[in-house]
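Before any comments, here is the structure.
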Amino acid sequence: MRADPAHAASAGDLVQVYRTGADGPERVALAELRGTAGDVATLAVDTADADALAAEERYRLATLPVEPRSDREFASLLRAADETMGVVTLAEGSDLVGTPVGAVDAAVVAVRGHGGLEPIPSRSRVLAAGDDLYVIAAPSRLRRLDAAAGASDSD
């Protein structure tokens, strides 16, 4: 699109896209700047916002202040760590059924149970059969947790 990216704008910056009309500026979209070349900017936008943009029109861009993007920061930290993320489903008869989240030998970041997804569950939350545990742990610990999530041999 034809636009006026800020001098210091770079790929990954969040920008507001404005159209200048007779009634003044109108915000059209929120986008992520992917690249610039002169007065041409490449943006990543939602489908609904893309429909509001016209190829023949010139837009003004307002670069938003840099804010930590927790999702990206988390992903980059996880890539660099020895741990990984996994999902473990508790079977009926698992030794983990009836125990609190705090007893799990891994970092439980969410539990999807019958009541929906519960991010950062309380350490005292009691686990039930059918719960999906979203955990971060070393691969060997994930394998042990997956084995413990199955039905115990004593059943």
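Readers should treat all values here as calculations from the given coordinates under stated rules, not as data from a laboratory. As the structure is a prediction and not an experimental result, all values here were calculated from the model. Here the Cβ positions follow ideal geometry from the backbone for every residue, glycine too, while neighbour counts run over all protein chains shown.
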Taking amide H atoms as placed 1.01 Å from N in the peptide plane, list the residues 5 or more away in sequence, or in a different chain, whose amide H sits under 5 Å from that of Ala110.
Ile120, Tyr134
Kindly rank 75-86, 12-23 from highest to lowest mean number of other beta carbons found within 10 Å of each residue.
12-23, 75-86
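What does the charge dipole of the chain about its Cα centre add up to, to the nearest 20 debye, if the Cβ of each Lys and Arg holds +1 and the Cβ of each Asp and Glu holds -1?
Details: 15 positive and 25 negative charges, 71 e Å.
About 340 debye.
Regarding the range 85-155, what's the average projected area of the Cα-atom convex hull, expressed in nm²? Walk me through the numbers on the way to the answer.
On the way: hull surface 16.5 nm².
The directionally averaged projection comes out at 4.1 nm².
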If each of Ala147 and Ser70 carries a label point 7 Å out from its Cα toward its Cβ, how far apart are those two points in nm?
3.5
Once both axes come from the Cα atoms, what is the angle between helix 139-149 and the longest principal axis of the chain, in degrees from 0 to 90, rounded to 10?
60
Taking the Cα atoms only, what angle lies between the long axis of helix 70-80 and the longest principal axis of the chain, rounded to 10 degrees?
60
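Assuming a viscosity of 0.692 mPa s and a temperature of 37 °C, what translational diffusion coefficient in µm² per second does Stokes-Einstein assign to the chain, Rh being the Kirkwood radius over Cα pairs?
Working: Rh = 19.2 Å.
Diffusion coefficient, whole number: 171 µm²/s.
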Percent antiparallel among DSSP beta bridges with both residues in the chain, to the nearest 5?
95
